[in-house]
Amino acid sequence: MNLRILHVGLGPLGLRIQADLLTRSLGTTVAAVDPAPGIAGKLLSELVPGAPAVRVQASLDELAHVGAIDVALVTTSSDLRKCAPTFQTLLARGIPCVSTCEELIYPWLRHRELSDELDRCAKQGKAQLLGTGVNPGFLMDALPVFATAVCNRVRSLSVFRVQDATPRRVPFQKKIGAGLDRAGFAKGIEDGWLRHVGLGESLHFCAQYLGFTVESWSETIEPVIATRELECKLGRIAIGQCAGVRQVAVGIVEGRPLLRYEFQAAIGQSDPHDRVLLDSDPPLDLVVKGGVHGDVATSAIALNALRPIVSAAPGLHTMATVPMLACSDAGVRRR
């Protein structure tokens with residue numbers, strides 16, 4: 001089945017996904033939307049060489065031939081409230097949606113009423129909605145839950161993501177505070193834009209599907225300080241400036257810290273890795289040496305989710321309620 005895709009949001013991640021789509025036999029972009037100056041009004045092929053000559057519209061209201069769309073990709077914002085109007089419009093038109101909105105991974109944590117509203121909207125429109133990504137979406141939530149399929153019992157869970165942010169895209173490096181001084185870092189936290197979005201969502205996702213009742217939870221955030229001069233896509237980072245961010249979330253279950261999540265992303269980070277540590281029967285300690293490249297993997301998982309979400313039941317989904325995602329791409333394997 002060659003899916004007819006609507007893509008909303010053509011920032012660096014969206015363009016990466018479009019480029020990857022060209023190399024895979026998953027579907028064709030038949031419509032695109034992005035209101036940003038310099039993007040709206042252009043042909044998609046001008047932004048991504050080889051892409052279809054589809055005119056990028058400034059809003060969903062400008063789209064015609066809605067019936068010719070099988071699924072939508074929404075790669076716009078981490079904030080669910082900002083994305084919700086787009087989701088509501090598409091779901092009401094019966095268009096399934098896959099989004100990289102981080103808060104959509106487990107939206108009931110911060111937006112319970114809005115989550116219920118989106119679920120109703122999806123069911124009324126006989127459409128589906130899924131939030132996915134490499135993190136949140138897979139490494140710190142779906143992967144740990146699926147790993148417990150071989151366990152008789154799980155007593156506690158710790159998940160670690162340690163990234164060298166040097167090869168990541170510019171928006172990610174900005175989001176972790178690379179190059180800021182301590183005052184600028186603190187201001188970024190205060191203004192709400194400097195943080196990894198989704199750590200709490202990952203923790204509560206795992207708690208939900210592993211049967212843990214979270215009595216309380218906390219999250220801390222602090223800078224990773226450069227101890228040597230560094231270079232990144234934003235420029236030079238001097239000794240004493242911020243190279244990145246460290247966040248830790250802890251979930252209290254039965255009075256004990258049984259869920260622990262550690263996220264650290266910094267320019268020049270040593271020993272990058274992803275790790276899932278389960279105190280379980282049998283015990284599990286899964287480590288990805290070098291870590292998973294976030295930009296490559298986010299694009300891949302968004303594309304790999306398209307067919308599963310189309311075949312899912314109408315409603316608001318999580319990574320635990322859709323058919324299992326996998327890299328299904330015979331076209332690439334034949335080459």
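Read-outs throughout are calculated quantities, based only on the coordinates presented, and are distinct from any laboratory measurement. The model shown is predicted, which means the values in this text are computed figures rather than measured ones. Note that each Cβ is placed from the backbone with ideal geometry, even for glycine, and that neighbours are counted across all protein chains shown.
Here are the numbers for the structure shown:
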{"read-out": "Range of Cα positions in region 142-291 per principal axis (Å), largest first", "value": "50, 31, 22"}
{"read-out": "Net lengthening on full extension, Ile225/Arg55 (0.36 nm per residue, minus Cα-Cα)", "value": "56.8 nm"}
{"read-out": "Footprinting exposure proxy for Trp108, Trp193 (fewest neighbouring C-beta atoms within 10 Å first)", "value": "Trp193, Trp108"}
{"read-out": "Listed residues His196, His273, His317, most fluctuating in the chain (Gaussian network, C-alpha, under 10 Å)", "value": "His273"}
{"read-out": "For region 291-302, 3J(HN,Hα) per residue [Karplus equation, 6.51 cos²θ - 1.76 cosθ + 1.60, θ = phi - 60°, Hz, x = Gly/Pro]", "value": "x, 9, 5, x, 5, 4, 6, 5, 4, 4, 6, 4"}
{"read-out": "For the chain: Kirkwood Rh in Å [reciprocal of mean 1/r, alpha carbons]", "value": "20.7 Å"}
{"read-out": "Percent of beta bridges antiparallel (DSSP, the chain, rounded to nearest 5)", "value": "55 percent"}
{"read-out": "Contour excess over end-to-end distance, with Cα ends at Leu22 and Val288 and 0.36 nm allotted per residue", "value": "93.0 nm"}
{"read-out": "Pairwise FRET efficiency - Lys42 versus Arg153, Cβ, R0 = 51 Å, nearest 0.05", "value": "0.40"}
{"read-out": "R0 of 41 Å, Cβ-Cβ distance Arg120-His273: FRET efficiency to nearest 0.05", "value": "0.50"}
